[in-house]
Structures are given as structure tokens and as C-alpha cells.
Amino acid sequence: MSLYAISDLHLALTVDKPMDIFGDKWSNHHERIKENWINKVTSEDTILIAGDISWSINMEEGLMDLEWIHNLPGKKLIVKGNHDYWWGSITKLNSLYDDMNFIQNNFFAYEDYGICGTRGWTNAEGENASEHDKKIYKRELIRLRLSLEAAVKAGYKKFIVMIHYPPTNDKFEESEFTKIFKEFNVEKVIYGHLHGPSLKKVMEGVIDGVEYIVTSCDYIGFDPLKII
């Protein structure tokens, strides 16, 4: 069994949202994802999806995109992205498929790892951050801590975290998110959200004992990245 990761699938099977407006590399990107996924991932593997799964606005539309993912091999563990407006009740989501699990204040296991996570939010620790951003940022910190604490309570000592947003600012300074990663001795952090020119400067590699891995589709060539 292997563990893979990808993010920012930006599926649009029921809405008119062509991603090739962001460059030719996005042309028919869902078919490229599907081909690469099928050629690499087996039914015994697990794949982490760090948000921005679908452009759909509601669950009725989003179900077709979720079904598309469901029909690909492997077990899928998913966190919410900033465009996942279809995301509803976590209990309902986790009752939809036997091979897809959704993380929000909870965790799921991969071998001896607790897979934890949350959406995250744009960095709101600076003086110019709005009260709106500060409120959401604090809520996401709470959700991350609840997820990790649930894994600890269940007896797990090794952790991988998925977070959609970059967990720090563009200067890669310590943040409240990175402090939590260090507090819980998180081994790896998977994140996405960044596209285009933003991918020229990303936080990757081992920093303070935590390995940061960028999995935006256009960064990894629309090809699931092997993590373990």
C-alpha cells in the first residue's frame, strides 16, 4: 500500500468553468488527472486530496464530481478548499461512499499515521488583517487542533496534516499553524491553493522538523505525488 497526495482538482463536470483560462496546461486537465491516477494508484492505496475539489456551488451539482473521484481507484481522504461551496454536513459527507472520507474536526488513519487537517485560511496575523479574516483564521486553528487531538486520543503518535491554504505568509515566517505542527510533532504537511506565478515561491522541504509538500495540480503535473 502507498500513500499519494494531490489537490486543486477544480472539477467542473456540471458547471461551465474551464480552467484553461489559467493557461494551456489546464486544457482537459481532469482527463490528465484521471489517466495519471489510474496508471499509478491501485485499489490498495490511499490518496490525500487537499481541497478545491469542485467548482460546484451546491451538493446536487457536486455529487457528480464526487462520483467521478469515487470511481477512481484507492481510498480518498479529503479536506475542504476555499472553492468547495458544495461542502455540507460532515456527517452526511462521510455517509456517501465507503472509499471516501472527509476531514473536519476529525481524523482518519493510514497504517500507523493519523491523517488530520482543516481548510486553513489566508494569513491573518498581520496588522492589516481584517476582523473577518482573523475570525475565520482562528476558527481554522481550532479545527486543526481538534483534528490532531482526536488522533492523539485514539492513540496515534505519528501525524500527517492536510491544509488547503499555505500555512504561513509569503516570507515563510512562523505562524500559529506552524506552531501547532511543531507542538504535535507533525511529520508532513500537504497543502495546495497556489497556482500560476504564485508557484514560483513556495515553502517546501523540512523546516523545524516538519516536511512541507505542495500538491497543487499544476505544480505536480496533474499527477498524484507519492508521499509514502
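All other residues with a Cβ under 11 Å from the Cβ of M162 taken together, and with Lys, Arg as +1 and Asp, Glu as -1, what is their net charge? Could you put the intermediate results ahead of the total?
Numbers: positive: K80, R119, K188; negative: none.
Net charge in that neighbourhood comes out at +3.
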When the convex hull of its Cα atoms is projected in every direction, mean area for the stretch 92-161 (nm²): 5.7 nm²
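Report the semi-axes of the equivalent ellipsoid for the stretch 3-226 in whole Å, largest first, where each axis is √(5λ) for an eigenvalue λ of the Cα gyration tensor.
Working: eigenvalues 124, 86, 62 Å².
Taking √(5λ) for each Cα gyration eigenvalue gives 25, 21, 18 Å.
Taking the Cα centre of the stretch 3-226 as origin, work out the dipole magnitude from +1 charges on Lys and Arg Cβ and -1 charges on Asp and Glu Cβ, in debye rounded to 20.
Values: 26 positive and 35 negative charges, 106 e Å.
Charge dipole of the stretch 3-226: 500 debye, to the nearest 20.
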Residues whose placed amide H lies under 5 Å from that of G51, excluding near-sequence neighbours: D8, V79
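Stokes-Einstein D for the stretch 34-127 at 25 °C, 0.890 mPa s, Kirkwood Rh over Cα pairs, in µm²/s?
On the way: Rh = 14.2 Å.
The calculation lands on 173 µm²/s.
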Whole-Å distance, taken between Cα centres, linking the stretch 202-228 and the stretch 43-111: 20 Å
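According to the square roots a ≥ b ≥ c of the eigenvalues of the Cα gyration tensor, what is the shape class of the stretch 117-228, taking rounded for a/c under 1.5, prolate for a/b larger than b/c otherwise, and oblate for the remainder? Display every interim value, and only then the final one.
Working: a/c = 1.70, a/b = 1.04, b/c = 1.64.
Cα axes put the stretch 117-228 in the oblate bin.
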Gain upon complete extension [E131, D223; 0.36 nm per residue less C-alpha separation]: 29.3 nm
Potential extension, S89-R139 segment - 0.36 nm per residue separation minus Cα distance: 16.3 nm
Residues E60 and R32, FRET efficiency given R0 of 35 Å [Cβ-Cβ distance, rounded to 0.05]: 0.85
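I need the calculated FRET efficiency for the pair A154 and D208, taking r as the beta carbon distance and R₀ as 25 Å, to the nearest 0.05.
Values: r = 25 Å, r/R0 = 1.01.
In this case the efficiency is close to 0.50.
Assuming 0.36 nm per residue, please report the length gained on full extension of the stretch L96 to F172 beyond their Cα-Cα distance.
Numbers: separation 76, 0.36 × 76 = 27.36 nm, distance 3.76 nm.
So the chain would gain 23.6 nm between L96 and F172.
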Relative contact order of the chain, pairs being alpha-carbon contacts under 8 Å that are 6 or more residues apart, as %: 23 percent
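Any read-out appearing in this document is the output of simple, stated calculations on the displayed coordinates, not a laboratory observation. The structure displayed is predicted, hence computed values, not measured ones. No Cβ is skipped: glycine too gets one built from the backbone with ideal geometry, and neighbour counts run over all protein chains shown.
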